[in-house]
Amino acid sequence: MTSLTDRKNAAISRGVGMTTQIYADRAENSEIWDKEGNRYIDFAAGIAVVNTGHRHPRVIEAVKAQLDRFTHTCAQVVPYESYVHLAERLNEITPGDFAKKTVFVTTGAEAVENAVKIARAATGRSAVVAFSGGFHGRTFMGMALTGKVVPYKVGFGAMPGDVFHVPFPIELHGVNVEQSLAALKKLFAADVDPARVAAIILEPVQGEGGFYPAPAALMRALRDICDQHGILLIADEVQTGFARTGKMFAMEHYDVVPDLMTMAKSLAGGFPLAAVTGRAEIMDGPGPGGLGGTYGGSPMGIAAAHAVLDVIKDENLCERAEQLGGRLKQRLAAIREQAPEIVDIRGPGFMNAVEFNDAKTNLPSADFANRVRLIALEKGLILLTCGVHGNVIRFLAPITIQDEVFAEAMDILEASILEARA
Ligand SMILES: Cc1ncc(COP(=O)(O)O)c(C=O)c1O
């Protein structure tokens, strides 16, 4: 009989990389069961999509209720109250004490595309500055903004123009905030007039790039530079949003506010929904009909998102993220005593990562990170790697994970790291 993997390889483009060969049968909170009945603890959460756990009962209930009423009208044709109300809620809870507006789309990449469109329309400028190591999606503008060539840009031809990159400050890799800002200054002197720059976009914590938080000094300086030159600051919170970092949004860790923010992933707890929220006058830059999309703000995604916001508040998930992240980092620090390959443990809230170097060469070791990932998978724990060097394991378990399942995962993690050394 042909295996599912063989069928997958024959039927699906190899361009869709798949990190496991587990075929999901059902999932509940932080656990997934495959077709054969094997159970896995999910420390990927669909890449930060189910911060509120797989099939949170309140999310499921909200979506079921919506299914019984209507499933699609296209909000641009016949809108619905829940759509307007969710925009009101996002305008209220996103950082910034000023009038805001929102647009709903379907994916994170689409949110990024629209944030750039809005910034260009509002400023009448076209250039955009992003950071090396940043990830902003797989559409053309998302890809152009992304600061990693393999696998995201390779083979896809000319990128949209007027996109510039500067190094992201990562002290561990020898780049500090001053160097990063010096590169930006040089960019403005050598390559692009800041008066032509519509926006600077960054993730408050780089996600795919390796879970590196943006230093507060960088964020403050970027805000000043933006204000000085009339440039808009876009925070890409697609991966960092919705309690992951111990705050509803990672930008709440900083004393500066972005002009525009992108959201997706955990916004709707497993249903496709994304949004851009920002200053009302900027959001009104594009003319009527310039924004939107057939499925943008789908009724099921909107219903799910209302439940997600309620769950985060009622279950104190920001606090819970802090607790779980604290425990995880403590456990990793203990493991580090026996594993010199661990060179860094980091991340706010429950957006944590561990970085590995080769014990002999002290160079980044993607091989070690991958060995840990595969051993853990064998033992029933799903982990994800990330980072420009591929030597980082990132932890993205649902924030609703039960204590006993979390403890079990910690034991598997420790055993996997120690076994990878053998
Ligand atoms: C920060 C960031 N921006 C954009 C995206 C793209 O989102 P999507 O895969 O939903 O298009 C991602 C996805 O990982 C992301 O992490």
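The table below gives the values:
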quantity: Any hit, the stretch 274-295, residues being closer than 30 Å to Val63 by Cα, surrounded by fewer than 21 Cβ atoms within 10 Å (Cβ to Cβ) and within 16 Å of the ligand (Cβ to nearest atom); calculated: yes
quantity: In the stretch 55-73, the residues that are more than 20 Å from Leu396 (Cα to Cα) and either part of a loop (DSSP other than H, G, I, E, B) or touching a Phe, Trp or Tyr at 6+ places or on another chain (Cβ under 9 Å) (or both); calculated: Val63, Asp68, Arg69, Phe70, Thr71, His72, Thr73
quantity: Options Ala250, Ala235, Ala243, Ala307; residue that is over 22 Å from Cys74 (Cα atoms) and away from the ligand (no atom under 14 Å from the Cβ); calculated: Ala243
quantity: Pick from the stretch 253-263, criterion buried (at least 23 other Cβ atoms within 10 Å of the Cβ) and either farther than 12 Å from Ala119 by Cβ or among the aliphatic types (A, V, I, L, M) (or both), ranking: nearest to the ligand (Cβ to nearest atom); calculated: Met263
quantity: Residues of the stretch 23-57 that turn out to be modelled with pLDDT under 95 and surrounded by 18 or more Cβ atoms within 10 Å (Cβ to Cβ), as a count; calculated: 0
quantity: Check on Asp236, touching a Ser or Thr at 6+ places or on another chain (Cβ under 9 Å) and among the charged types (D, E, K, R); calculated: yes
quantity: Test set (1) outside the structural domain of Ala409 (by TED's automatic domain parsing); (2) of a type outside the set (Gly, Ala, Ser); (3) on the phi > 0 side of the Ramachandran plot - Asn29 fails condition number; calculated: (1)
quantity: Qualifying residue in the stretch 229-248 (condition: farther than 18 Å from Thr94 by Cβ and of a type outside the set (A, V, I, L, M)); calculated: yes
quantity: Close pairs (6 angstrom Cβ cut-off, 6 or more residues apart or separate chains): crowded, with 18+ Cβ neighbours inside 10 Å in the stretch 370-392, among the basic types (Lys, Arg) and assigned to a helix (DSSP H, G or I) anywhere; calculated: Leu383/Arg373; Thr385/Arg373
quantity: Selection count, the stretch 212-230, where residues are touching a residue at least 60 places away in the same chain (Cβ under 8 Å) and either touching a helix residue (DSSP H, G or I) at 6+ places or on another chain (Cβ under 7 Å) or surrounded by fewer than 24 Cβ atoms within 10 Å (Cβ to Cβ) (or both); calculated: 2
quantity: Residue check for Phe70: buried (at least 22 other Cβ atoms within 10 Å of the Cβ) and among the aromatic types (Phe, Trp, Tyr); calculated: no
quantity: Any chance Phe135 is under 17 Å from the mean Cα position of the chain (by Cα) and either among the hydroxyl-bearing types (Ser, Thr, Tyr) or within 14 Å of the ligand (Cβ to nearest atom) (or both); calculated: yes
quantity: Only one of Asp314, Asp344 that is surrounded by fewer than 17 Cβ atoms within 10 Å (Cβ to Cβ) and not hydrophobic (A, V, I, L, M, F, W, C); calculated: Asp314
quantity: Subset of the stretch 351-389 [closer than 22 Å to Ala407 by Cα, outside any strand (DSSP E or B) and touching a Pro at 6+ places or on another chain (Cβ under 9 Å)]; calculated: Met351
quantity: Of the criteria (1) farther than 24 Å from Val205 by Cβ; (2) of a type in the set (Val, Ile, Thr); (3) touching an Asp or Glu at 6+ places or on another chain (Cβ under 8 Å), which one Ile342 fails; calculated: (1)
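The values are calculated or read from the model by the stated rules, or taken from the named source; none is laboratory data. What you see is a predicted model; the values in this text were computed from it and never measured. Using ideal geometry, Cβ is built from the backbone for each residue, glycine included, and neighbour counts are taken over all protein chains shown.
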